[in-house]
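Remarks on the structure that follows.
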Amino acid sequence: MLSVAIGSDHAGYPLKEKIKEFLLSKGYKLLDFGTQSTTSTDYPLFAREVCLSLQRGEAQRGILVCGTGVGMCITANKFKGIRAALCLNEYMARMSRKHNDANVLCLGERVVGVDLALSIVEVWFSTDFEGGRHEKRVKFIKDIEAMI
Ligand code: RB5
């Protein structure tokens with residue numbers, strides 16, 4: 001079973017807790033990097049901890065939640081080896097796995113409701129990378145990453 005690193009800021013905290021419950025009920029191992037309340041804080045702190053955890057190999061996937069998901073996604077994609085996708089619906093979740101081999105899912109608590117968010121999470125975890133022609137494209141991303 002995959003290990004999942006999860007983090008949020010204050011705006012994503014309640015949804016993070018719901019996602020944790022959901023993933024634990026499915027048997028995933030969770031590493032929670034905070035935040036642990038709705039007290040105002042800064043999303044890059046938590047994106048960094050989740051991404052470093054993936055880089056260390058402790059977790060294979062990450063989930064980041066903030067108000068829109070945008071700040072988390074921008075931050076996460078600064079880290080080598082991270083392919084973070086902001087998903088607003090199940091289609092984006094499916095395609096981000098099939099075509100982009102996304103390893104971090106970003107969600108916006110102020111944008112999607114809890115039921116939709118959990119459905120996005122379910123699809124994202126149950127969809128495999130398709131490989132084939134998409135392998136080459138993901139390799140392009142890795143080549144670009146190696147240049148910077
Ligand atoms: C916090 O107010 C908000 O800016 C943050 O959660 C996120 O939406 C940033 O992208």
- prompt: If you look at just the Cα atoms of the range 1-147, how large are its Rg and its Dmax in Å?
  reply: 14.1, 45
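So if I place +1 on the C-beta of Lys and Arg and -1 on the C-beta of Asp and Glu, and nothing else carries charge, what would the dipole magnitude of the chain be about its Cα centre? I want it in debye, nearest 20.
On the way: 20 positive and 17 negative charges, 96 e Å.
The calculation lands at about 460 debye.
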query: At q = 0.16, 0.17, 0.23 Å⁻¹, what base-10 log of I(q)/I(0) does the Debye formula yield for the range 8-57 when every alpha carbon is treated as an equal point scatterer in vacuo?
result: -0.47, -0.53, -0.88
field: Heavy-atom accessible area order for Leu24, Leu105, Leu118, largest first, 1.4 Å probe
entry: Leu24, Leu118, Leu105
- prompt: Which are the unpartnered cysteines of the chain, meaning those with no other cysteine Cβ under 4.7 Å from their Cβ?
  reply: Cys51, Cys66, Cys87
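Using a 1.4 Å probe on the protein heavy atoms, what percent of the accessible area of the range 44-89 belongs to carbon and sulfur? Let's see the in-between values first.
On the way: 1100 of 1840 Å².
For the range 44-89, the apolar C and S fraction of the accessible surface comes to 60 percent.
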- line: So the pair-distance distribution of the range 40-127, from every Cα-Cα distance in 5 Å bins, comes to percents of 3, 17, 28, 24, 20, 7, 1, 0
- line: Checked against a 28 Å limit on the C-alpha separation, the offending pairs among Lys20/Lys142; Lys78/Lys136; Lys29/Lys78; Lys20/Lys80 are Lys20/Lys142
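How much net charge surrounds Ala47 when only other residues with a Cβ under 13 Å from its Cβ are counted (Lys, Arg +1; Asp, Glu -1)? Walk me through the numbers before you get to the answer.
Values: positive: Lys16, Arg48, Lys78; negative: Asp9, Asp42, Glu49.
Local charge sum for Ala47: 0.
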message: Could you give the length gained by full extension between Thr127 and Asp143, i.e. 0.36 nm per residue of separation minus their alpha carbon distance, to one decimal place?
response: 3.3 nm
- line: Over the chain, the sum of -39500 (n - 2.57) across DSSP H runs of at least four, divided by residue number and rounded to 500 deg cm²/dmol, gives at 222 nm -15000 deg cm²/dmol
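The values are calculated or read from the model by the stated rules, or taken from the named source; none is laboratory data. Because the structure is predicted, anything quoted here is derived from the model rather than measured. All Cβ positions, even for glycine, are placed from backbone atoms using ideal geometry, and neighbour counts span all protein chains on display. Just so you know, the surface numbers come from the protein's heavy atoms only, side chains and all, with ligands and any DNA or RNA stripped out. Shrake-Rupley method; radii C 1.70, N 1.55, O 1.52, S 1.80 Å.
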